[in-house]
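Okay, structure first, notes after.
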Amino acid sequence: MEHHLILRVVTKMLVGPILLYALYVQFHGDFGPGGGFQAGVIFAVAFILFGLVFSLRQLRKLVPDWVVHQLVALGLLLYAGTGVLTLFLGGNFLDYNVLADVAYQGQHWGIIAIELGVGITVFAVMLSIYYAFAGRPPQLDDKDW
Amino acid sequence: MELAITILLFLALVSCAIAIALVRNLFAVVMLSGVVSLLAALLFIVMDAVDVAFTEAAVGAGISSVLMLGTIALTARNEKVPPRYSLVPLAVVSLTGMVLIYGTLDMPNFGDKNAPVQTHVGPSYIERTPKEIKVPNFVTGVLASYRGYDTLGEVTVVFTAGLGVILLLGGLGKRRKRRRESN
């Protein structure tokens, strides 16, 4: 889509706010609607939009495959690791009360940690699915659509 | 007013579904399925389920449309016209639909305060969340803390799905081939 000037300019303007909005959804999930799942998807959407307009090759240069593949596992490890950490601190698996001195603050820390894990895994899975699908065919001409 | 909006949204939903069944251009079908997801998200908002609406809009209208377009790019732009029409699929679909509608007859009405979901664990979550977790969004409290195991399971499902796609379609094989070529 090299010659689509409007698309390129609009994409450049949109990617930043979309990323910011994803972070808002991620970390404001305790207070409003949203959470890790939605934030991960929105975060991935910003990258996919970039990839659609500025070619998959440039996106892969920005976020290489191996980074995405490791993020897929990192999110899940962060989630399960939070559970293991609470085990070591003397609580049950995923019992966040033990993470801080005051029980409800521990809950807040635990929720932030596991939501981050959810967000990272969902983001990376969405992006790797996009890579897997879009990486297979030769790039389409605009005329084909 | 709310009833009118709900009826309007359902009518639009059904007409989109019929259009999807009739249209042969798959690009239009993908766009229409995105519209279906958006309408479903609006319906969820009417039902006060903002978190579900949010997910539906982001996943259904956003990501799935892009992935479907990617699939079209791999396969064909137009659906093949079948050589002859058979009534069997229509019969199967109608029968399934009737069974599903029959199943909903036993369900409590929407917003019924005597529904099992309102009388079982729901009140205890509403009572305990402000005291034990102190987050204003109860959905987050239930998903992340009280039902943390379930969410861990869901993330594992997402992880497994991603792993499957990476192993089947992704670049691992390509990378191995490249390594073999460089050796």
For this session: Go ahead and set up a Gaussian network model of chain A, Cα springs under 10 Å, then flag whichever of A:Val25, A:Val53, A:Val72 fluctuates most.
Result: A:Val53
For this session: Please name whichever of B:Leu26, B:Val81, B:Ser65 sits farthest to the positive end of the charge dipole of region B:1-84, dipole taken about the Cα centre and charges placed at Cβ: Lys and Arg +1, Asp and Glu -1.
Result: B:Val81
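Only Lys, Arg, Asp and Glu count, each charged at its Cβ (+1, +1, -1, -1), so figure out the dipole size of chain B about its Cα centre, rounded to 20 debye. Intermediate results must be reported in sequence, preceding the final value.
Values: 16 positive and 12 negative charges, 287 e Å.
My answer is approximately 1380 debye.
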Seminar exercise, completed: Along the dipole axis of the protein assembly as shown (charges at Cβ: +1 for Lys and Arg, -1 for Asp and Glu; origin at the Cα centre), the most positive-end residue among B:Gly162, B:Leu13, A:Val53 is A:Val53
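Only helical DSSP H runs with n ≥ 4 go in: add -39500 (n - 2.57) per run for chain B, normalise by residue count and round the 222 nm mean residue ellipticity to 500 deg cm²/dmol.
It lands at -21000 deg cm²/dmol.
What number does region A:9-145 give for Rg over Rh if you use C-alpha atoms and the Kirkwood radius?
Details: Rg = 17.9 Å, Rh = 16.4 Å.
In region A:9-145, Rg relative to Rh is 1.09.
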Problem set entry | Test item: A:65-72 mean partner chain Cβ contacts at 10 Å | 3
Problem set entry | Spread of Cα-to-Cα distances over 5 Å intervals beginning at zero, given as percent, for region B:1-84 | 3, 15, 20, 21, 17, 11, 7, 4, 2, 0
Exercise. Can you give the average number of partner chain beta-carbon atoms within 10 Å of each beta-carbon in peptide B:69-79, as a whole number?
Worked result: 3
Problem set entry | In Å², nearest 10: area of A:Met126 left accessible to a 1.4 Å probe | 30
Seminar exercise, completed: With all protein chains in place and a 1.4 Å probe, B:Lys131 shows an accessible area in Å² (nearest 10) of 140
Problem set entry | All-pairs Cα distance distribution in the protein assembly as shown, expressed in whole percent, bin size 10 Å | 5, 20, 28, 26, 16, 5, 1, 0
Problem set entry | region B:1-84, dipole about Cα centre (Lys/Arg Cβ +1, Asp/Glu Cβ -1), debye to the nearest 20 | 620
Problem set entry | Shape call, chain B: gyration tensor on alpha carbons, a/c limit 1.5 | oblate
Exercise. Which ³J(HN,Hα) values, rounded to whole Hz and listed in residue order, are derived for region B:54-67 from phi using the Karplus coefficients 6.51, -1.76 and 1.60 in 6.51 cos²θ - 1.76 cosθ + 1.60 with θ = phi - 60°, glycine and proline given as x?
Worked result: 4, 5, 4, 5, 6, 7, x, 7, x, 5, 4, 4, 5, 5
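Suppose every K and R has +1 on its Cβ and every D and E has -1 on its Cβ; what is the size of the dipole of region A:5-140 about the Cα centre, in Debye to the nearest 20?
Computed about the Cα centre, the dipole is about 860 debye.
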Problem set entry | Sequence of B:Asp48, B:Asp150, A:Asp30 from largest to smallest accessible area, 1.4 Å probe | B:Asp48, B:Asp150, A:Asp30
For this session: Between B:Thr119 and A:His3, with labels modelled 7 Å along Cα→Cβ, what's the label distance in nm to one decimal, could you check?
Result: 6.9
Exercise. Distance from the Cα centre of region A:71-99 to that of region B:1-19, in angstrom?
Worked result: 44
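The values are calculated or read from the model by the stated rules, or taken from the named source; none is laboratory data. Every value quoted in this text rests on a predicted model; they were computed, and no experiment measured them. Every residue, glycine as well, gets a Cβ built from its backbone with ideal geometry; the counts of neighbours run over all protein chains shown. Calculation scope for accessible area: heavy atoms of the full protein, side chains included, ligands and nucleic acids excluded. Shrake-Rupley method; radii C 1.70, N 1.55, O 1.52, S 1.80 Å.
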